[in-house]
1. Mind running the shape call on the chain? Use the C-alpha gyration tensor, a ≥ b ≥ c as the square roots of the eigenvalues: rounded below 1.5 for a/c, prolate if a/b tops b/c, oblate otherwise.
2. Assign unit charges at the C-beta atoms only (+1 for Lys and Arg, -1 for Asp and Glu), then state the dipole size of segment 76-200 relative to its Cα centre in Debye, rounded to the nearest 20.
3. On a straight-distance basis, which aspartates and glutamates could pair with Lys112 in a cross-link, Cα separation under 15 angstrom, same-chain partners fewer than 8 positions away excluded?
4. More than 15 Å apart: what percent of Cα pairs in segment 177-220 qualify?
5. Sequence gap at least 6, Cα distance under 8 Å: using those rules, report the relative contact order of segment 302-437 to the nearest whole percent.
6. Given Cβ point charges of +1 (Lys, Arg) and -1 (Asp, Glu) and nothing else, what value in debye, to the nearest 20, does the dipole of segment 331-433 about its Cα centre take?
7. How high is the relative contact order of segment 57-201, in percent, with contacts defined as C-alpha pairs under 8 Å that are six or more residues apart?
8. Assuming 0.36 nm per residue, please report the length gained on full extension of the stretch Lys35 to Leu111 beyond their Cα-Cα distance.
Amino acid sequence: MEHFKGIGKSKYEGAQSDNPLSFKYYNPNEVIDGKTMKEHLRFAVAYWHTFQASGIDSFGVGTAIRPWDNISDKMSLAKTKMEANFEFCEKLQVPFFCFHDRDIAPEADTLKQTNKNLDEIAGYAKELMKTSDVKLLWGTANAFGNSRYVHGASTSCNADVFAYAAAQVKKAMETTKELGGQNYVFWGGREGYETLLNTNMKLELDNLARFLQMAVDYAKEIGFIGQFLIEPKPKEPTKHQYDFDTATVIGFLKTYGLDQHFKINIEANHATLAGHTFQHELAVARINNMFGSIDANQGDMLLGWDTDQFPTNIYDTTLAMYETLKAGGFTTGGLNFDSKVRRGSFEPIDLFYSHIAGMDTFAKGLKIAYKIIQDGKIDKFIEDRYSSYKSGIGKDIVEGRAGFRELEKYAMENDKIVNQSGRQELLESVLNQYIFG
Ligand code: XLS
Ligand code: CA
Ligand code: CA
């Protein structure tokens, strides 16, 4: 049964097309550097925003009009949404989707019944996968929505909650494996604190590490070979989230000897909440060999919270794809649209327009980023800027032949230091030249 009636398959029609449902820049089969755009970008639809979000906010009710609005039975509704998910991805030529356990199947009164619901819907998804090319990019557990997680999940002060979260993540990992998920994401929903007046931070962090180690052990036990990803976020819902940003997560993983088991899932809006650019977060992951996947969205620079808007800023997508290409491209990861339509964009067709806008902006960003890398102008500038480390005293520094004594001797004879301009504005206009085309 068709759910999004009257909306056909989106196709590439080029930049001149005025068909709002066509791609202007995303041409799935266009080859760039030996890979198709589809393979480079690995787009995914986020189940929670597209099939669960209603447009509710703290001042008003949901506004979204959806084809499944008149279905009241929870399990029938869950099945309908799963069918709609495959139809939606196919119509948009999006190869993947991502979900939380509780997005796809309703929570019941007991964990046993909840797991049964999840099995039933996952079984249905598996069935639908047989006749579809759409795959699961990643699964995760919603261990933050239910009131039992009021003080966190694996960092809760209550050991019963820790145990419950473990049971839930175990099941979510099994479900992800069952559906061929290529990654499993850990976002520390309420893993953080509000005040140190009631918090044993050391125990909470140790427990978070214990929890992740248990997940690593269990993945090995069941033969789940997907990539584990951690998604940093600095605040919201808690005032201080433990997985603050990429650097903090990497430091945490290294402290507990877990770094070889994880990569980072970077969300644009979380980067800006942490006071970083999206590119900064991607670059930190890349230089530490921890680049994993991307939650594609954008925040609003005038607002201090997580607005999860569709990514339409060409500077951001260009620089994100620049970092992605520099990291060698996605392997198991991809571009998951962790983005929701605005409350005022309440019609089903807005779900299409918004994804098309994001896909086109990333496709164009990919092409520009590839050109920047091919031309090598920026790389050359950076290389030249550090050329003092290629010979003489600089070479001695990087090759470990110089210590403070040698450097003091050198500095004593080199009072007249000559620096060169960083040329930021020139480089910004070079970037503009690439973007303007
Ligand atoms: C919330 C997060 C969340 C994760 C998955 O801010 O972005 O949706 O991506 O749990
Ligand atoms: Ca996210
Ligand atoms: Ca977010």
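Each value in this text was obtained by applying a stated rule to the coordinates, not by laboratory testing. Note that the coordinates shown come from a computational prediction; the quantities given were computed from them, not determined experimentally. Cβ sites come from the backbone with ideal geometry, for glycine too, and all protein chains shown count toward neighbours.
1. Verdict is oblate for the chain.
2. 120
3. Within the straight-line cut-off, Lys112 pairs with Asp101, Glu120, Glu174.
4. Distances greater than 15 Å cover 57 percent of the Cα pairs.
5. Computed value for segment 302-437: 28 percent relative contact order.
6. The calculated dipole for segment 331-433 is roughly 120 debye.
7. 22
8. Gain on stretching Lys35 to Leu111: 23.0 nm.
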